Amino acid sequence: MPALDADLLRRDLTALLQQQDPGTYPYAPGEDDAAFQAASLNALSRLLPRFDEPAGWDHSLGSALRHALDCPMPAGLARQPGRRRLVGAMLRNAADPGRINQGHKGTCAVTCVEIYLAERKTAEYLRIVAELMDLDGEARLLNGDLLKRDEEHLRWSRTEAGRSPASRLFQVAAMDYAYPDLDYQNDQDSHVDTGGESTGSGMGLDEFDRLLEGVTGERWERLSTDDARVAERLVALGIDPDFLPNLRRDGAGIIRRSLAAGDPVFVTLEAKSDDTPISRRVGIHPLLALPHKVRVLQVDDAAGRVHYDDPLDPSLPWMPDVATKVESKDGRCSMASDDFFGLVVELSCHPEHLGIA
């Protein structure tokens, strides 16, 4: 790889971002072109001191940005939203991962992964988004698999809401990757099978862990309330199932161990009573009635609360039936620990915290 010049990269990126080219793709709510430009330049100044931060496959933060600046792009992507908008969005996402959100799409699971990647593996996040911008639209993940762009012209609709075009590229590609035998269609917000039938939105736990292992190159393990069926089979065979991890019994401890080690833990929240959903997300879109993936940020035992990142970036609590507090506009929320742990129906973490060697 040829030597990179950080000063030249700064100059070239600044020139791109200062172009008078607002385009047709809407800005974030309440934002105009001047605000977009200022925020993008600010993000650039914060990221460039990390110029040499390594990314996968012998790349770096600097080489990722150079690729985003120079790579040939499909004509449709170059028209809408255009290179300037994509580069500005990826810079801002990397500098402020909390701004990443799912819009009004059922992509909470992949959004959680995107936020985590931008926060913890920033150079790798930039490399992936930059390579999705390229003509071939393929980014090799850390596990060797290919993540492939699924759209070459980003036509905006109201369901995109505040989701940035860089996040849209990543999230749509990630939805496709998680289900290799299905096609995720962004306009329908649904996976479609080979017969053209919709299989619904959202993401299963196995598919979520496939995505996690792909983008991190690490091993992940899962735990679900559905695992109780395995325990029931063991009991029927006369085997004591207590040696198995149990989400209701062990979930809180697993979450605490993960956070104490500085490792991420992702959970799905769902309110049920006798297997009948009793709570609904605030809003009218059907996706707001689905179970919801979040990343746990903190267990505050002194206050008796759990803090988590909601990828929807809500202005109102996720579950109106539960006393949930929105802590920040970037989606940090909290609820009473007993309520939170009672709503957890799935958990994904590093295997050592689950007690698996």
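The values are calculated or read from the model by the stated rules, or taken from the named source; none is laboratory data. Here the structure is a predicted model, which is why all the values come from computation and not from measurement. Reconstructed Cβ throughout: ideal geometry from the backbone, glycine too, with neighbour counts over all protein chains shown.
Observations on the model:
- A search for C-beta distances below 7 Å between a residue of the stretch 145-163 that is among the acidic types (D, E) and any residue that is part of a loop (DSSP other than H, G, I, E, B), counting only pairs 6+ apart in sequence or on different chains, returns E151/N186; E152/P74; E160/G103.
- Check on R140, of a type in the set (K, R), in contact with a His (Cβ under 6 Å, 6 or more places away or on another chain) and more than 25 Å from S315 (Cα to Cα): no
- Listed by first and then second residue, the pairs with beta-carbon distance under 8 Å, at least 6 apart or on different chains, first residue in the stretch 302-323 and surrounded by fewer than 23 Cβ atoms within 10 Å (Cβ to Cβ), second modelled with pLDDT of 80 or more and polar (S, T, N, Q), are G304/S337; R305/S334; R305/S337; H307/Q298; H307/S334; P317/T324.
- From the list G23, G76, the lone residue that is touching a Gly at 6+ places or on another chain (Cβ under 7 Å), in the same structural domain as L126 (by TED's automatic domain parsing) and within 30 Å of S190 (Cβ to Cβ) is G23.
- Residues being under 13 Å from the mean Cα position of the chain (by Cα), of a type outside the set (S, T, Y) and buried (at least 20 other Cβ atoms within 10 Å of the Cβ) - total across the stretch 98-127: 17
- Scanning the stretch 233-243 for any residue that is more than 18 Å from E352 (Cα to Cα), touching an Asp or Glu at 6+ places or on another chain (Cβ under 7 Å), free of Cβ contacts under 8 Å to residues at least 24 places away in the same chain and surrounded by fewer than 15 Cβ atoms within 10 Å (Cβ to Cβ) turns up nothing.
- Qualifying residue in the stretch 226-246 (condition: touching a helix residue (DSSP H, G or I) at 6+ places or on another chain (Cβ under 7 Å), in the same structural domain as V345 (by TED's automatic domain parsing), within 19 Å of A109 (Cα to Cα) and not acidic (D, E)): no
- Complete set of residues in the stretch 142-160 that are among the hydrophobic types (A, V, I, L, M, F, W, C) and in contact with an Asp or Glu (Cβ under 9 Å, 6 or more places away or on another chain): L142, L146, L147, L154
- If only residues of the stretch 9-44 that are among the hydroxyl-bearing types (S, T, Y) and in contact (Cβ under 8 Å) with a residue 12 or more places away in the chain are counted, the one that is nearest to K121 (Cα to Cα) is S40.
- Selection status of A39, among the aliphatic types (A, V, I, L, M), under 30 Å from T159 (Cβ atoms) and buried (at least 19 other Cβ atoms within 10 Å of the Cβ): yes
- Residue-level check: of (1) closer than 18 Å to D309 by Cα; (2) surrounded by fewer than 22 Cβ atoms within 10 Å (Cβ to Cβ); (3) in contact (Cβ under 8 Å) with a residue 40 or more places away in the chain, S167 misses just (2).
- Considering residues of the stretch 167-180 that are in a helix (DSSP H, G or I) and more than 12 Å from the chain's Cα centre (by Cα) only, the residue farthest from R83 (Cα to Cα): A178
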